[in-house]
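Each value in this text was obtained by applying a stated rule to the coordinates, not by laboratory testing. Predicted model only: the values in this text are computed from it and were never measured. Please note: Cβ atoms are built from the backbone with ideal geometry, for glycine as well, and neighbour counts cover all protein chains shown.
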């Protein structure tokens, strides 16, 4: 029988054209959210002076350094962040594997009866294997499969997976930054509790001295029992204040232990902080909002926009033909003894085409879902930018207000200390009552507390401001990598903001 030959290129071209004509068309791009423009917020580029990296080390407190180091090593929330990084990395590896040629080795050997009505004729004398025989049939092949990715479907999935890894790593850095900031703030609260306890102790000594003086004056007839009872009642009041301060100190110790990944076993080892709020963590004379471009949460939100954009592009590419290159080489034979003979060699190669002809609903759903995911990522990024700007502005305003309050608090304390000394002298000389001394002493206690509280609030505000700016006041260095910012360029910059 004469065989008919067809021209493969012609049939291939005709078949491809027909399949392409049947291919599902991707939907048109729909209007979606856009990434916020820094210029629309009135931001412009400027620079700020440098500050030492590893921000908590400026406190110069070895105990604080140790607590932060332990917390960064042992805190469970950071362990969860590291697990998310490993999961994202595994997904990126799996996605990237689809872009590389795949090679497999397949082999099988089957005992079977040959059909008498197939390619093997009935048994004839002198011939070998025939229909009706039971024989071993085997095949051993090496197979190659390679997705050529003409439309960028796989490459965009790889880009998306890598961006998710970067976002997970930034989330980890953000968690580390937040944790170190929480420890520093709790440490300042511990310092505050110690100072309040000192003030209460000092006030207790003053009340005890006043009680002794009142007893002496009652003995010599200058005061009566009323003044003595007033002095006796005043002493427990200040002792309650001391107990409250000591309780706050204990709570701060408990919090520090928990943040550092420990329990009650280290309570006794946490000692008094060695801080000087008047000189610790000084702010530059000028700060700029371009520092926000290195905040890890903003960087992570920006990278997630990139990941969602790549995912949407991949979803669109899924509408187009998927072209693969396939090849095989190996051996095929009837009977075990001839499987590896040279005459049993087989090989072949050619393209493989996959077209989504009747899969439009699933593809459109995936595309619309990817578009919604991109809109969500952009909305999250824009929200993070606006909240970051608000946070910085709030902390700068708070810093300025606390500095002004601190000036007034120092003036109040100086005047109150002078008034107390004068009232005490007048009482000792018999020129005023004990009640006047107690009133002035209460004002003095409040003035001391107010000054310490303002100093503590100012220090916590500076720590919070540092955290809102990504862990550094230096615009030329990225706290995440130690290198100049690269993921976000010229997207968050502002005019200089004066701080005192």
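Key figures
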item: At R0 = 41 Å, FRET efficiency that the Cβ-Cβ distance of residue 118 and residue 360 yields, to 0.05; result: 0.50
item: Sorted peptide list for 384-396, 452-464, criterion being average Cβ within 10 angstrom, highest first; result: 452-464, 384-396
item: For the stretch 361-383 versus the stretch 406-458, the gap between their alpha-carbon centres in whole angstrom; result: 63 Å
item: Residue order, fewest to most beta carbons within 10 Å, for 165, 58, 437, 407; result: 407, 58, 165, 437
item: Net lengthening on full extension, residue 224/residue 266 (0.36 nm per residue, minus Cα-Cα); result: 10.0 nm
item: Alpha-carbon radius of gyration plus Dmax, which is the widest Cα pair, for the stretch 310-412 in Å; result: 32.9, 106
item: Enclosed volume per residue, in Å³, of the convex hull spanned by Cα atoms of the stretch 133-210; result: 204 Å³
item: Binned Cα-Cα distances of the stretch 195-258, short to long, each 10 Å bin given as a whole percent; result: 23, 35, 22, 13, 6, 1
item: Peptides ranked, highest mean first, by Cβ atoms within 10 Å: ranges 184-191, 314-321; result: 184-191, 314-321
item: Segments 156-162, 260-266 sorted - mean Cβ within 10 Å per residue, highest first; result: 156-162, 260-266
item: Stretch gain in nm, segment residue 105-residue 250, where the contour uses 0.36 nm per residue and the Cα spacing is subtracted; result: 45.5 nm
item: Under 18 Å from the residue 232 label point (7 Å along Cα→beta-carbon), backbone N, the stretch 204-219; result: 207-219
item: Rg(Cα)/(2.2 N^0.38 Å) for the stretch 300-370, N = residue count; result: 1.95
item: Fully extended contour minus Cα-Cα distance, from residue 383 to residue 28, at 0.36 nm per residue; result: 125.1 nm
item: Value of D in µm² per second that Stokes-Einstein yields for the stretch 361-419, Kirkwood Rh from Cα pairs, at 37 °C (0.692 mPa s); result: 209 µm²/s
